[in-house]
Structures are given as structure tokens and as C-alpha cells.
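Input: a single structure, listed below in C-alpha cells.
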Ligand code: CUA
């Protein structure tokens, strides 16, 4: 009993300190190894692939965004080039017909922007000096106008930075109409009258 009340204080405190240090080291080792496990073993990584790009490659994305932003490589398979800068996405409207697979190549001309298509799983950062590549598989029932916004504060006009992604499913809808319907629609379009199904036909 005597040794417990005399020597317990200082010595016991040091032992606790070693225990705390050991716990902290174990927790840190656990966190770091779980990061490595998710990244390398399970291949869970940030949403987009950031490709290091030189000035020429970045300018190529910029030029494509202005001149030929939407490239349909095969039916429903798209490459889309988008250029962001304070406070616009270029182009401001992107129309995709029956998209199955859309690969975005996005570059910024100034600061970091956040590329997000509201209501979808498309959400990644666009970094200066990199091309952000992201492949999206839009759900087959997704259609209409989607909002492409910037979700990374980039300056006073940040909230103005938006564009439209328009998903058209008109082709598939037309495919399901009967042959006679197709003929009548063709006749109507020849006479340039708006048919009741005009909305479908027009997309
Ligand atoms: Cu670009 Cu906020």
C-alpha cells in the first residue's frame, strides 16, 4: 500500500503519456494506411483525372470549346470540350442527343473553378495547368435542360458562372412511332405545320 500512494503519481503519469502516444500513432497509421488502401487497392480516387497540360494543350481545349465543343464519336458516345474562365463556361449551351457516354475535357483560363451538373454525379474541380477529364454515363431516362454551374468560389461574379446541358431523347421517341406516323410527320414538316407531336419531333 505504501509504494502505491508515494510513487504512483509521477511514474504513473508517464506511463499514461506513453499509452496516449501509442494510441495516437496507431490511429494515424490506421488513417494513412486506409487512404492507401482505398486509393491503390480499391481504386477509389477523386472524381476526375487531372492531366498535366502545357500552354499549347490548354489552348487546344480553349479553341475546341469555341469552335467544335461537342464531338459524337459513335452514336451516343461524346467527347465534350469546355473552357472555363471568370465568369463563364464556354460554350454556354451543350446539346447531347441520346447520350450514353460523355467524356468531358475541361480547362480553365485563370483560377480554379468547380464543374458541377446539378442533380447528377458530375462534380469535379478544374485546375490551372491541368485538363480535367471525366467520363459520365447519363441515366437513360435523364432528359431536358440541366444546369452546369461553378461550385468553387472564383471571384465576384462566381454566381453568374453557368451554362446549359440539354439532353435530347427525341431520336428514340421517334423510333417508336409507326411507319405511317413517320410519313404523316414528314408531310406535316414539308408543309411546315406544327403537329400535335411537334414537341417530340422537334426535341
Ligand atoms: Cu467559377 Cu466560381
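The values are calculated or read from the model by the stated rules, or taken from the named source; none is laboratory data. All of these numbers come straight from a predicted model, not from anything done at the bench. Please note: Cβ atoms are built from the backbone with ideal geometry, for glycine as well, and neighbour counts cover all protein chains shown.
Scanning region 107-128 for any residue that is under 18 Å from the mean Cα position of the chain (by Cα) and farther than 23 Å from residue 160 by Cα turns up nothing. How many residues are away from the ligand (no atom under 16 Å from the Cβ), surrounded by 15 or more Cβ atoms within 10 Å (Cβ to Cβ) and assigned to a loop (DSSP other than H, G, I, E, B) when one looks only at region 91-119? Number satisfying all stated conditions: 2. Just one of the listed residues (176, 194) is surrounded by 11 or more Cβ atoms within 10 Å (Cβ to Cβ) and either assigned by TED's automatic domain parsing to the domain that holds residue 93 or at pLDDT below 95 (or both), namely 194.
Across region 140-161, which residue is farthest from the ligand (Cβ to nearest atom) among those that are farther than 22 Å from residue 53 by Cα and under 14 Å from the mean Cα position of the chain (by Cα)? Break it down stepwise before answering.
Within region 140-161, the first condition is being farther than 22 Å from residue 53 by Cα, and the residues that meet it are 140-149, 151, 153, 155-161.
Narrowing further to those that are under 14 Å from the mean Cα position of the chain (by Cα): 146-149, 151.
Details: 146: 17, 147: 14, 148: 11, 149: 8, 151: 7 Å.
Only one residue tops the list, namely 146.
For region 38-90, the set of residues classified as in contact with a helix residue (DSSP H, G or I) (Cβ under 7 Å, 6 or more places away or on another chain) and part of a strand (DSSP E or B) consists of 81, 82, 83, 90, listed by residue number.
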